[in-house]
Structure formats: C-alpha cells, structure tokens
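The values are calculated or read from the model by the stated rules, or taken from the named source; none is laboratory data. The shown structure was predicted, so the numbers you read here are calculated from the model rather than taken from an experiment. Cβ placement follows ideal geometry from the backbone for every residue including glycine, while neighbour counts extend to all protein chains displayed. Side chains are part of the model used for accessible areas, which takes the heavy atoms of the whole protein and leaves out ligands, DNA and RNA. Shrake-Rupley method; radii C 1.70, N 1.55, O 1.52, S 1.80 Å.
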Amino acid sequence: MSGYFRIRYSEDSALLDTRTQKAWFAAFLVALAVYPFFAGALWLDLANQVLLGSIGAVALMLLTGYAGQISLGHAGLLAAGAFTTGILCKELGAAFWLTLPASAAVGALLGLIFGLPSLRLRGLYLAVSTLALHFIVVFLGGEYETKRGFSTGIVIESPIASALGWYFALLAAAAATLLLALNLLRSRTGRAWRAVHGREAVAEALGISVQRAKLSAFVVSSTLTAVAGCLFAYFRGFVSAEAFSLYLTIQYVAMIIIGGMGSLLGALLGTAFVVLFPYVIDGGMRLLGVADRLASVVFAVNYAAFGLVMILFLVFEPQGLVGLWRRVQNWFQLWPFKQRPLAK
C-alpha cells in the first residue's frame with residue numbers, strides 16, 4: 001500500500017525497512033524504558049503479566065499459527081517448567097542459572113515426546129493427544145505436592161525483589177523470545193513450517209521433511225513455553241497445580257485467535273487484550289453501578305464476556321486485532337484515497 005518494495009536481499013533480511021519504521025521503533029523503545037517510572041503499582045504489575053504472557057503466546061503462535069499444529073497442552077508445558085523450577089529449588093537448592101536451562105530441557109523433551117503423535121494424527125485427534133499432556137503434567141505435579149506436604153504450593157524465593165526489576169527482566173526475556181521467533185521464521189525451519197501449514201503433500205513434494213518440521217515446531221514451542229513456566233514460578237514466588245487449569249490453556253488459545261493467527265504482532269496484541277480484559281469488564285461494571293450487586297458472580301460474568309468476545313472475533317474479524325491494525329494502517333497510507341474492493 002505504501003509503494004515501498006524490497007529490491008535487494010539485504011533489504012529483504014532487514015527487520016526494519018524504512019526510516020519511518022526505525023523512528024517509530026526507537027520511540028517505542030523509549031516509551032518502554034520510561035513506562036515503569038511513571039506507572040502505578042497496578043499498571044506495572046499488569047505490564048509484567050503482559051510481558052510474561054507474551055512469551056508463551058509467541059511460542060504457541062509458532063506452533064499453531066505458523067506450523068499449523070493444534071495444541072491444547074500449553075498449560076501443561078507451563079506447569080512442567082514451573083514444577084521443574086520448584087522441585088530443583090526445594091530439593092537441591094538450585095540457582096536460577098540452573099533451573100532455567102533445566103526447565104528448557106524438560107520442555108524440549110516433552111515437545112519431542114508429545115510431538116510424535118503429530119506425525120500420524122491431525123485436527124481434533126491431535127488436539128486431544130496434546131490435551132493428555134496437560135492432565136499428565138498437572139497430575140504429577142499435584143502428586144509431588146501431596147507427597148512432600150506442600151498443601152498450599154511450593155514456595156520459591158524470587159531472585160528479583162522489586163516489580164521494577166521484574167519489568168526489565170521480563171522485557172528482556174520477551175524481546176529475546178520475539179527476536180528468536182522472527183529469525184526462526186525467516187530461516188529454512190520457519191519456511192518449512194509455513195509450507196507444512198499450507199499443504200503437507202506439496203511441502204513434501206518440494207523436498208521438505210514434514211516429520212522433521214512438525215517435531216521441530218513442537219520442540220521449539222515447548223522449550224519456550226517451559227522457560228515461560230520457569231519465569232512464572234519465580235515471578236509468582238510459588239508453584240501450585242491449581243494455577244495451571246485448563247482455563248489457562250483456553251486463555252492462550254484466545255490470545256492467538258483474538259490477536260490474529262499467523263502473526264507475531266497478533267500474539268502480542270492478543271496477550272495484552274486477554275490480560276487487560278477482566279479489568280476492563282470490572283471497570284465497566286463499576287461505571288454502571290452494578291459491581292456490588294454482581295460481586296458474587298463476577299467470575300461468571302468475566303467468563304461469559306470472554307467467550308462472547310472470542311465468538312465475535314471469529315465471526316466478524318477472523319484476522320483478529322492485527323487485522324484491525326492493518327486496516328487502520330492502510331487507511332492512513334491511502335488517505336485521502338479510498339481502497340475499493342475488487343470487482344466480482
């Protein structure tokens with residue numbers, strides 16, 4: 001729409017194309033750097049939740065949005081990383097620099113094991129097989145809590161004491177995850193994922209190993225998700241099986257659907273939407289003066305509104321928030337002209 005075209009390989013490999021993009025990116029970095037010094041305690045905590053959630057959302061987007069492999073075991077992978085961290089801290093007194101790679105290794109192993117069914121299963125059958133991962137990991141974590149007498153969860157000493165410190169740590173982790181995902185998608189591995197997502201038979205005819213592409217997608221996604229689980233354990237200061245319910249998986253699926261499938265920007269926008277949505281509903285109820293009357297059913301109201309929003313996006317805006325953003329972007333780029341649809 002802007003009339004800008006890439007004519008060199010160096011331009012095609014650049015993450016930022018134009019001076020305008022570079023200027024906006026620099027302004028965005030400055031805003032991120034100064035934000036925690038002006039935000040209140042609540043808004044700083046919400047920012048930390050968005051940054052932490054974005055790591056898992058980007059990981060799921062790589063698997064489902066780009067490789068086309070359905071997974072309902074995301075909360076189980078988060079639990080695997082968190083329980084690995086909790087067990088190592090409690091049993092061995094392991095430090096952060098040991099628990100993080102250990103969690104990543106456990107996530108990679110689970111991704112390899114539960115990615116094997118993807119070689120034979122598709123669609124709903126694959127989703128059910130990944131759902132088994134969730135129940136197995138949460139069950140084992142709950143059994144460990146019971147056997148060791150941690151009825152209220154495994155308490156972990158956080159290596160970072162302040163919310164401000166967590167903000168910059170999670171910002172660095174989220175930025176590293178996003179940069180890794182961007183470069184993976186521009187590599188041979190990422191192109192193989194997209195080809196498999198498009199049509200497996202055509203991808204195989206082009207010489208792509210479909211089995212290797214599927215397994216690599218599961219391993220990479222599971223590794224990043226387990227790392228997010230490790231950070232979740234340290235951020236919250238405890239690990240409990242109740243924290244990794246099936247609803248958490250649904251939230252992550254909603255992040256990539258509402259944000260926009262097949263877009264890393266969509267994963268980030270969806271994460272922010274899902275994290276902030278309950279607070280928007282609560283603020284709306286207070287504004288209407290019905291918060292006190294509906295206090296006993298506030299969770300039901302949130303769940304109902306959440307489900308309604310997902311349905312509305314699926315029906316009226318399948319491209320999600322990133323689709324809305326592209327429309328706004330195109331409007332400014334084309335103004336004062338108007339984009340006309342192609343004649344039928």
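Region 186-226 and region 117-176 have Cα centres lying 24 Å from one another. Each residue, residue 183 and residue 124, gets one label point 7 Å from its Cα in the Cβ direction; the gap between the two is 4.2 nm.
Measuring nothing but how far apart in sequence close Cα pairs (under 8 Å, 6+ apart) lie, relative to its length, the chain scores a relative contact order of 28 percent. What you get for the chain, charging only the Cβ of Lys and Arg (+1) and of Asp and Glu (-1), is a dipole of about 1220 debye around the Cα centre.
Taking the square roots of 5 times each eigenvalue of the Cα gyration tensor of the chain, largest first, gives ellipsoid semi-axes of 32, 27, 22 Å.
Loop-located GluC sites (Glu not before Pro) across region 145-220 with a Cβ neighbour count of 10 or fewer within 10 Å are 157, with loop assigned by DSSP.
Give me the percent of the accessible area of the chain that comes from carbon and sulfur atoms, probe 1.4 Å, all protein chains in place. The nonpolar share, carbon plus sulfur, comes to 68 percent. The longest part of the chain holding none of the exposed loop chymotrypsin sites (Phe, Trp or Tyr not before Pro), meaning those outside H, G, I, E and B in DSSP with at most 13 other Cβ atoms within 10 Å, is 6-336. Using 0.36 nm per residue and subtracting the Cα-Cα separation, the extra length available between residue 326 and residue 19 on full extension is 108.6 nm. A probe of 1.4 angstrom, applied to the heavy atoms of all protein chains, finds residue 72 with accessible area near 60 square angstrom.
The residues of the chain have, on average, 56 Å² of accessible surface per residue, using a 1.4 Å probe with all protein chains present. Among the trypsin sites (Lys or Arg not before Pro) in region 187-274, those located in a DSSP loop and surrounded by at most 14 other Cβ atoms within 10 Å of their own Cβ are 199.
Once the C-beta distance of residue 105 and residue 286 is scaled by a Förster radius of 51 Å, the resulting FRET efficiency is 0.65 to the nearest 0.05. The calculated 222 nm mean residue ellipticity attributable to helices in the chain amounts to -24000 deg cm²/dmol, summing -39500 (n - 2.57) over DSSP H runs of n ≥ 4 and dividing by all residues.
Among 197, 74, the order of accessible area from largest down is 197, 74, computed with a 1.4 Å probe on protein heavy atoms.
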